[in-house]
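J.: The structure that follows is given in the form of structure tokens.
Just so it is clear, none of the values below were taken in a lab; they were calculated from the coordinates. Worth saying up front: this structure is predicted, and the values here are computed from it rather than measured. Don't worry about glycine lacking a Cβ; one is built from the backbone with ideal geometry, like all the others, and counts go over all protein chains shown.
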Amino acid sequence: MTKAELTVEGKENVLMRTRSCSITVLPHFGGKIASLQFRGHELLQAPLAPIAPRTPSMSFDAADASGWDECLPSVAPCTVETSAGAARIPDHGDLWRVAWEPVGQNAPSGASITLRGRCFSLPLALERTITLNESEDGAHIRVDYTLRNTGDHSVPWSWAAHPLFAIEAADQILLPASITTTRLEGSGRNRLGTGGNTVNWPVAILADGGHANLSIAQPADTGIGDKLFAGPLATHENWCILLRPKAGLRIKMSFDAQATPYLGLWLCYGGWPNGTGPKQMCVAPEPSTAPVDSLAVAGNWSRRLAPGASFSWPMFLDLGMI
């Protein structure tokens, strides 16, 4: 393995770099991974609007809707009851809205950087360590998370990674062969039916009776925007691969299926945001603690964290050429 270089550029940007890969992190804008480049290719969705300060209540589509954020303590806006009263959680959670702080040295050095983001709707703090290395077969990124309850009462929580990978028509999404069904969270124009439906993977039956291969990315003018969940996943079902033949890229995401047993899939080919303006063209594989976007929807997946308690989990990204 070849370790990455890490530099802090001005107040906002942290750059990690090897020969083939670079990662740009914006601590003051939600700890966002704003850029992930591999062998000259930008892998993440470009900003739909300038990256600018966020408010505690703005919707996610009112911002840049790009890059890689962390959704905590909920993806969907909701209200949950706690022993301290009702907690109102905004769209895509708290953390993409707040400045993150460095953990340890003020100017980190070496192959890793650790930042901490603090929620405001619930007493939760998330530490995320990104480690970048390189080998002969590509670049390897490890992301380690630790969540802590900084308050004096137990609180519910739900987390999902939110990496928006840029995509082109005919790119392919590979899941373990054992995954044959998914749960539908939502579908633009109800093309896959209504939320809660079971949707076959990879070939789905559309609401109009037609069929669609969900594993193949579609052109931007199709206006597709579907959110699915796979899981709970077995230990061997802990990965998702994006193949980008035209770009010659292979992106593999893997995770701990015991700690984060669900995989969200956001498939957006020009179908979001609603209204006029630029649209996303991306696929987001989202390791998650729950098979739903809203923390207010309870089930056997629901989690609580006691005062002072912590929970840790990893995620991995391997970048290579086809």
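J.: Which part of the range 126-165 falls in the paramagnetic zone of Arg118, meaning amide N under 12 Å from the point 7 Å along Cα-to-beta-carbon?
T.: 126, 150-151
J.: Here's something else I'd like to know. Defining a contact as two alpha carbons under 8 Å apart and six or more residues distant in sequence, what relative contact order in percent does the chain show?
T.: 18
J.: To continue, here is another question. Determine, from the Cβ-Cβ distance of His236 and Arg39 and an R0 of 30 Å, the FRET efficiency 1/(1 + (r/R0)^6), rounded to the nearest 0.05.
T.: Details: r = 29 Å, r/R0 = 0.98.
According to the calculation, E is roughly 0.55.
J.: So between Ser59 and Thr79, what do we pick up on full extension, going 0.36 nm a residue minus the alpha carbon distance?
T.: Values: separation 20, 0.36 × 20 = 7.20 nm, distance 1.53 nm.
Stretched fully, the Ser59-Thr79 segment lengthens by 5.7 nm.
J.: Here's another thing I want to ask about it. About its Cα centre, how strong a charge dipole does the range 20-147 have in debye, to the nearest 20, once Lys and Arg get +1 and Asp and Glu get -1 at the Cβ?
T.: Details: 9 positive and 14 negative charges, 65 e Å.
Its charge dipole is roughly 320 debye.
J.: Could you tell me which label, among [x] 14.6; [y] 17.6; [z] 15.8, carries the value of mean projected area of the Cα convex hull in nm² calculated for this structure?
T.: Among [x] 14.6; [y] 17.6; [z] 15.8, the one calculated here is [z].
J.: Work out how much length Asp137 to Ala177 would gain on full extension: take 0.36 nm times their residue separation and subtract the Cα-Cα distance, in nm to one decimal.
T.: Details: separation 40, 0.36 × 40 = 14.40 nm, distance 2.45 nm.
Computed gain between Asp137 and Ala177 is 11.9 nm.
J.: Find which of Ala284, Pro123, Leu319 sits farthest along the positive direction of the dipole of the range 2-321, computed with +1 on the beta-carbon of Lys and Arg, -1 on that of Asp and Glu, about the Cα centre.
T.: It is Pro123, whose Cα lies furthest towards the positive end.
J.: If you find the alpha carbon centre of the range 236-283 and of the range 152-226, how far apart are they in angstrom?
T.: 9
J.: How large is the translational diffusion coefficient of the range 182-308 in µm² per second when you combine the Kirkwood radius over alpha carbon pairs with Stokes-Einstein at 25 °C and 0.890 mPa s? Intermediate values should be presented prior to the final figure.
T.: Numbers: Rh = 15.8 Å.
The diffusion coefficient I find is 155 µm²/s.
J.: Take the Cβ-Cβ distance between Thr222 and Thr150 as r, set R0 to 51 Å, and report the resulting FRET efficiency rounded to the nearest 0.05. Don't skip to the answer; put the middle values down first.
T.: Details: r = 44 Å, r/R0 = 0.87.
Efficiency at R0 = 51 Å is approximately 0.70.
J.: Quick check: from the Cα gyration tensor, does the range 59-121 come out rounded (a/c under 1.5), prolate or oblate? Can you show the working numbers first?
T.: Numbers: a/c = 3.34, a/b = 1.62, b/c = 2.06.
Oblate, because a/c is 1.5 or more while a/b does not exceed b/c.
J.: Counting Lys and Arg as +1 and Asp and Glu as -1, each charge on the Cβ, what is the dipole of the chain about the Cα centre in debye, to the nearest 20?
T.: Working: 25 positive and 29 negative charges, 23 e Å.
Once rounded to the nearest 20, the dipole reads 120 debye.
J.: Dipole of the chain (Lys/Arg Cβ +1, Asp/Glu Cβ -1, origin at the Cα centre): which of Gly225, Thr260, Ala177 lies farthest to the positive side?
T.: Value computed over the given set: Thr260.
J.: Continuing with this model, one more query. Say a site is exposed when it is one of the GluC sites (Glu not before Pro), sits in a DSSP loop, and has at most 14 other Cβ atoms within 10 Å; what is then the longest site-free stretch of the chain? Walk me through the numbers on the way to the answer.
T.: Details: sites that count: Glu136, Glu168.
Here the longest run is 169-322.
J.: Just subtract the alpha-carbon distance of Ala99 and Asn200 from 0.36 nm times their residue separation and send over the number in nm, one decimal. Kindly include the intermediate steps, with their values, before the conclusion.
T.: Numbers: separation 101, 0.36 × 101 = 36.36 nm, distance 3.99 nm.
Once the chain is fully extended between Ala99 and Asn200, it gains 32.4 nm.
J.: At a Cα cut-off below 17 Å, give the aspartates and glutamates reachable from Lys246, other chains included and same-chain residues fewer than 8 away excluded.
T.: Those aspartates and glutamates meeting the cut-off are Glu42, Glu168, Asp171.
J.: So for the pair Asn274, Trp301, with labels modelled 7 Å out along Cα→Cβ, what separation do we get in nm?
T.: 2.3
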